[in-house]
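Everything below concerns the one structure shown next.
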Amino acid sequence: MARWGESIDDLIPDARDGLTRTERIIMYLLKQTREELGGRNVPTVMLYGRVVEHVNITEQELHLLLNRLGVNGDGS
């Protein structure tokens, strides 16, 4: 079920790559942050801080999505 302010488009995977809008934001921010850190692993708490600026998501939901996307808990 969508939360208040969330569009159904945020929940349906895109036909091009199978990612939802939230997953795409997470992957983009992970890549951007990793580049800023010189290729090092991104701490999950740092990634979470950046993700919540764009998406209404709990820390637990972020962990579930990172697991679904095949990203280790340390952001690698």
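The values are calculated or read from the model by the stated rules, or taken from the named source; none is laboratory data. All values reported here derive from a predicted model rather than from experimental measurement. In this analysis, Cβ positions are derived from the backbone assuming ideal geometry, glycine residues included, and neighbour counts consider all displayed protein chains.
Among Gly70, Gly49, Gly38, which is the only one that is of a type in the set (Gly, Ala, Ser), at pLDDT 90 or above and surrounded by 10 or more Cβ atoms within 10 Å (Cβ to Cβ)?
The conditions single out Gly49.
Quick one: which residue in Thr33, Thr22 is surrounded by 10 or more Cβ atoms within 10 Å (Cβ to Cβ), under 9 Å from the mean Cα position of the chain (by Cα) and either modelled with pLDDT of 85 or more or not in a helix (DSSP H, G or I) (or both)?
From the options Thr33, Thr22, the qualifying one is Thr22.
Test Asp14 against the criterion of being assigned to a helix (DSSP H, G or I) and at pLDDT below 85, and give yes or no.
no
Within the stretch 54-68, count every residue that is more than 12 Å from Tyr28 (Cβ to Cβ) and not in a helix (DSSP H, G or I).
3
Consider Tyr28 against the criteria (1) closer than 14 Å to Val71 by Cα; (2) crowded, with 17+ Cβ neighbours inside 10 Å: it satisfies all of them except one. Which criterion is unmet?
(2)
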